[in-house]
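Some notes on the structure that comes next.
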């Protein structure tokens with residue numbers, strides 16, 4: 001199972017749970033994972049991606065510790081047993 | 001005794017203030033902490049007041065929430081209340097304006113960044129995209145003022161649902177007379193000093209427009225330098241800045257029930273964005289802009305540097321009207337007597353972006 005780790009500031013959308021598990025097909029990408037997330041929890045999904053399906057500017061996603069923006073963005077591979085971390089980037093004033 | 005709610009949208013959350021005498025206020029803890037609340041509305045048309053709030057997280061994006069219990073609980077559709085259609089290849093930055101229609105029950109208008117107009121027929125829960133304005137041939141030439149490329153003003157006509165006016169900076173004023181099917185630029189007489197041709201058909205940096213409460217064809221406009229009035233529903237504009245201390249500012253507010261009465265908060269200049277004379281003063285006209293009266297009783301009159309942004313001034317619906325404004329210094333002031341006397345509602349808040357007030361009990 002792929003484990004999506006949800007930051008504390010978004011756990012209002014997961015009933016307080018810190019992780020959500022998904023069964024992804026072999027060869028799945030980050031886009032597949034986030035599409036599955038949006039189907040299961042749309043209010044959470046659109047806080048990570050905008051309505052055009054793009055990662056929000058100040059949201060970072062790490063797949064097994066690698067910044068997904070450096071490994072293909074939404075096309076980044078997500079192995080079946082991956083841990084995917086969603087983190088707010090440094091932003092704001 | 002009237003129970004007045006003052007909703008205060010700030011750069012870091014929404015505060016709700018309540019008062020029964022408009023002199024003493026009880027301030028809530030922040031709602032939507034760390035969200036910029038650019039627009040708020042108090043919809044008093046139904047059986048119970050509904051609050052609408054545009055809340056944007058720098059990280060997690062924009063939302064429009066509604067509350068039917070005066071802010072105890074908030075809700076939004078899972079899919080979001082305001083979104084751009086997929087084929088626009090555009091995503092919502094934030095909603096800058098939420099306006100219940102005065103002529104159509106259940107209708108709420110939203111203006112967004114980038115320059116989108118949306119209409120809700122269910123009281124602000126779900127919005128549909130007004131495509132003809134987005135498809136306007138001028139849109140590729142609309143610019144982004146420093147605040148963002150946004151429709152920040154939406155003025156539905158009080159009697160005729162076919163007629164709606166919007167304004168943006170930069171882009172100027174546009175009007176429809178067929179319920180949004182077609183739109184026309186409506187900036188004749190409004191100057192754009194920052195262009196080689198200072199009198200273009202469109203492209204003006206309009207900061208705010210307000211509609212007279214008694215004459216719907218009369219409008220007041222605060223421009224990026226320039227203060228104007230229209231007596232023909234925005235077709236043409238004439239300067240009313242001569243008797244103001246400056247012609248720069250952001251806010252423009254029409255009195256909720258008196259004809260020809262409007263409020264303005266002058267700022268020294270584009271290049272000096274502090275109040276003239278370093279004094280906190282609201283200016284009111286009682287004669288549709290021929291003359292203006294400084295209103296500073298109870299406001300800081302020395303060494304003051306706060307300014308009022310475009311949606312940070314409002315009126316309530318009582319008689320006499322209460323007038324309210326918030327500043328980038330995080331202060332909110334209230335007047336229970338149409339601006340004659342002011343008192344502090346709150347201080348040390350984040351930058352105040354939007355205020356709205358209404359009797360809720």
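The values are calculated or read from the model by the stated rules, or taken from the named source; none is laboratory data. Here the structure is a predicted model, which means the values were calculated and not measured. Reconstructed Cβ throughout: ideal geometry from the backbone, glycine too, with neighbour counts over all protein chains shown.
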Completion exercise
Given the conditions (1) in contact with a helix residue (DSSP H, G or I) (Cβ under 9 Å, 6 or more places away or on another chain); (2) without any contact (Cβ under 8 Å) to a residue 24 or more places away in the chain, every one holds for residue B:302 apart from (2)
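Select from region A:36-93 the residues that are in a helix (DSSP H, G or I), buried (at least 16 other Cβ atoms within 10 Å of the Cβ) and either out of contact with any strand residue (DSSP E or B) (no Cβ under 6 Å at 6 or more places or on another chain) or within 9 Å of chain B (Cβ to nearest Cβ) (or both) and list them in ascending order.
Step one: list which residues in region A:36-93 are in a helix (DSSP H, G or I), which gives A:36-40, A:42-48, A:68-70, A:73-75.
When the remaining residues are screened for being buried (at least 16 other Cβ atoms within 10 Å of the Cβ), the result is A:36-38, A:43-48, A:68, A:74.
Of everything in region A:36-93, those that are in a helix (DSSP H, G or I), buried (at least 16 other Cβ atoms within 10 Å of the Cβ) and either out of contact with any strand residue (DSSP E or B) (no Cβ under 6 Å at 6 or more places or on another chain) or within 9 Å of chain B (Cβ to nearest Cβ) (or both) turn out to be A:37, A:38, A:43, A:44, A:45, A:46, A:47, A:48, A:74.
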Problem - residue A:5 over 14 Å from residue B:61 (Cβ atoms), modelled with pLDDT of 95 or more, crowded, with 19+ Cβ neighbours inside 10 Å and touching a strand residue (DSSP E or B) at 6+ places or on another chain (Cβ under 7 Å) - result: no
Exercise for the section: Answer yes or no: is there a residue in region B:131-147 that is touching a residue at least 60 places away in the same chain (Cβ under 8 Å), touching a strand residue (DSSP E or B) at 6+ places or on another chain (Cβ under 9 Å), more than 14 Å from chain A (Cβ to nearest Cβ) and crowded, with 24+ Cβ neighbours inside 10 Å. Expected result: no
Problem - residue B:179, sole failed condition from (1) surrounded by 15 or more Cβ atoms within 10 Å (Cβ to Cβ); (2) touching a strand residue (DSSP E or B) at 6+ places or on another chain (Cβ under 6 Å) - result: (2)
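Please verify whether residue A:17 is touching a helix residue (DSSP H, G or I) at 6+ places or on another chain (Cβ under 9 Å), part of a loop (DSSP other than H, G, I, E, B) and more than 14 Å from chain B (Cβ to nearest Cβ), treating the condition exactly as stated.
Values: touching a helix residue (DSSP H, G or I) at 6+ places or on another chain (Cβ under 9 Å): yes; part of a loop (DSSP other than H, G, I, E, B): yes; more than 14 Å from chain B (Cβ to nearest Cβ): yes.
Here the answer is yes, as residue A:17 does meet what is asked.
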Completion exercise
So the strands (runs of 3 or more DSSP E) completely within region B:268-361 holding 1 or more residues that are surrounded by fewer than 16 Cβ atoms within 10 Å (Cβ to Cβ) and at pLDDT 95 or above are B:293-295, B:343-346, B:352-359
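Answer yes or no: is there a residue in region B:216-226 that is surrounded by 15 or more Cβ atoms within 10 Å (Cβ to Cβ), out of contact with any strand residue (DSSP E or B) (no Cβ under 8 Å at 6 or more places or on another chain) and closer than 30 Å to residue B:136 by Cβ.
Residues of region B:216-226 surrounded by 15 or more Cβ atoms within 10 Å (Cβ to Cβ): B:216, B:218-226.
From what is left, the residues that are out of contact with any strand residue (DSSP E or B) (no Cβ under 8 Å at 6 or more places or on another chain) are B:216.
Subsequent filtering for residues that are closer than 30 Å to residue B:136 by Cβ retains B:216.
There is at least one residue in region B:216-226 that is surrounded by 15 or more Cβ atoms within 10 Å (Cβ to Cβ), out of contact with any strand residue (DSSP E or B) (no Cβ under 8 Å at 6 or more places or on another chain) and closer than 30 Å to residue B:136 by Cβ.
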Exercise for the section: Pull up region B:87-101, narrow it to residues that are within 8 Å of chain A (Cβ to nearest Cβ) and closer than 13 Å to residue A:49 by Cα, then point me to the one that is surrounded by the most Cβ atoms within 10 Å (Cβ to Cβ). Expected result: B:92
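How about region B:102-121: which of its residues are over 30 Å from residue B:26 (Cβ atoms), outside any loop (DSSP other than H, G, I, E, B) and more than 14 Å from every other protein chain (Cβ to nearest Cβ)? Quick ask: steps written out before the conclusion?
Residues of region B:102-121 that are over 30 Å from residue B:26 (Cβ atoms), as a first pass: B:103-107, B:109, B:111-121.
Going one step further and asking which of them are outside any loop (DSSP other than H, G, I, E, B), we end up with B:109, B:111-113, B:117-120.
The answer is B:109, B:111, B:117, B:119, B:120.
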